[in-house]
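One structure is given below, encoded as structure tokens.
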Amino acid sequence: MGMQKVKFSSQASPEVLSALREIARGEGRHFQAVLQEAMEEYIANRSQETPRAEVMAHFRASVERNRLLGELLAR
């Protein structure tokens with residue numbers, strides 16, 4: 001048995017709706033399936049208490065690249 005759906009009404013910018021429709025069309029999927037996936041990913045990203053691994057990797061690389069500058073500023 002499928003997941004129960006609840007109909008709702010909202011608004012979004014034409015650009016966002018157009019982009020979602022284009023993604024759905026390009027993947028051969030229904031618009032509501034792409035919207036559902038987008039909302040689920042948004043919730044998952046917002047509920048994370050720590051930054052994503054790729055964000056932390058970029059941060060560490062930046063700190064290492066700028067280590068000398070950081071030491072100079074600390075003086």
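Hey, with R₀ at 25 Å, roughly what FRET efficiency would Ile23 and Val55 work out to, going by the Cβ-Cβ distance, to 0.05? List each step's numbers first, then the result.
Numbers: r = 23 Å, r/R0 = 0.94.
That pair, Ile23 with Val55, gives E of 0.60.
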Please give the calculated 222 nm ellipticity per residue for the chain, where each DSSP H segment of at least 4 residues contributes -39500 (n - 2.57) and the sum is spread over every residue; nearest 500 deg cm²/dmol?
-21500 deg cm²/dmol
Heavy atoms of Ile43: accessible area, 1.4 Å probe, square angstrom to 10
110 Å²
Could you tell me how many degrees, from 0 to 90 and to the nearest 10, lie between the Cα long axis of helix 31-46 and the main elongation axis, the longest principal axis, of the Cα atoms of the chain?
30 degrees
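For the ranges 57-67, 5-15, 27-37, what's the packing order if you count other beta-carbon atoms within 10 Å of each residue, average per peptide, and put the highest first? Could the numbers behind the result be given before it?
On the way: 57-67: 10.4, 5-15: 6.5, 27-37: 12.5.
With the highest mean Cβ count within 10 Å placed first, the list reads 27-37, 57-67, 5-15.
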Return one number: the angle in degrees, 0 to 90 and rounded to the nearest 10, between the long axis of the Cα atoms of helix 14-27 and the longest principal axis of the Cα atoms of the chain.
80 degrees
Just checking my list [x] 102; [y] 194; [z] 80 against volume of the Cα convex hull per residue in Å³ computed from this structure; which label fits?
[y]
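The values are calculated or read from the model by the stated rules, or taken from the named source; none is laboratory data. Here the structure is a predicted model, which means the values were calculated and not measured. Don't worry about glycine lacking a Cβ; one is built from the backbone with ideal geometry, like all the others, and counts go over all protein chains shown. All accessible areas refer to the heavy atoms of the entire protein, side chains included, with ligands and DNA or RNA removed. Shrake-Rupley method; radii C 1.70, N 1.55, O 1.52, S 1.80 Å.
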